[in-house]
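Heads up: the structure comes next, in structure tokens.
Throughout, read-outs are computed from the coordinates displayed, never taken from laboratory work. Here the structure is a predicted model, which means the values were calculated and not measured. Cβ atoms come from the backbone with ideal geometry, glycine included; neighbour counts cover every protein chain shown.
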């Protein structure tokens, strides 16, 4: 008589059914999903609660080298693209289920419980619910952060150029000088005609420059704006 091959799935079902009566299997399944939902809800609450820790435990044998970043690298990215790096408790967007799943997966792989989450996102996402390329991190200690998940829409490729002029004070002044020079170059003959010379050009340039500085400062101060360099970790929407 030939021996029948062993079906591992059937064996597992038999083992389970010996422990759980058929009538209780449906209830058992409901309990499993209730526990899973509870765990996911707990993780979501962690994301929306204030930061309590500065580092998490990670197993060095299981980390992804491409997911580890120093605060200085994060700072440069935020300044270049005018982004914020803040606690997730300040984030107003929605967290996709995939992000929650990745948190649980990391917790399982590294045998730990993650907390103290941070997120990179445009400042508008800390005021309104939108989806513009948020990136979720967990602190590792010593100013290193582990990238957990990125979702939403990618940033526009020209965003860096768009905010280059307000990256810092040097870029701001250079931009005003360049704009004033171009305006002077285009209009000095219109104002002075045949009498135009280098002295008149400098006078017109200074007029444009002072006007550009005044208007830009008036606009920036009235809207409470500041340079990228100073707001990347600010939790305030406007300069106080």
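How many nm separate the modelled label positions at residue 37 and residue 177, each set 7 Å beyond the Cα in the direction of the Cβ? The answer from the label model is 6.3 nm. Projected label points at residue 73 and residue 155, each 7 Å from Cα along the beta carbon direction, are separated by 1.6 nanometres.
Cα centroids of the range 140-156 and the range 32-100: 7 Å apart.
Extension gain, residue 108 to residue 48, is 19.5 nm, computed as 0.36 nm per intervening residue step minus the present C-alpha separation. In plain terms, the chain from residue 229 to residue 66 could stretch by 56.2 nm, reckoned as 0.36 nm per residue minus the Cα-Cα distance. The range 69-115 gives an Rg/Rh value of 1.05, both radii derived from C-alpha positions and Rh following Kirkwood.
Sorted largest first, the principal axis extents computed over the alpha-carbon atoms of the range 29-112 equal 49, 34, 23 Å.
Assign one of three labels to the range 76-233, namely rounded, prolate or oblate, based on the Cα gyration tensor with a ≥ b ≥ c the square roots of its eigenvalues; rounded applies when a/c is under 1.5, prolate when it is not and a/b is larger than b/c, and oblate otherwise. Taking the square roots of the gyration eigenvalues as a ≥ b ≥ c, the range 76-233 is prolate.
The alpha carbons of the range 65-150 give a radius of gyration and a Dmax of 12.6, 36 Å, in that order.
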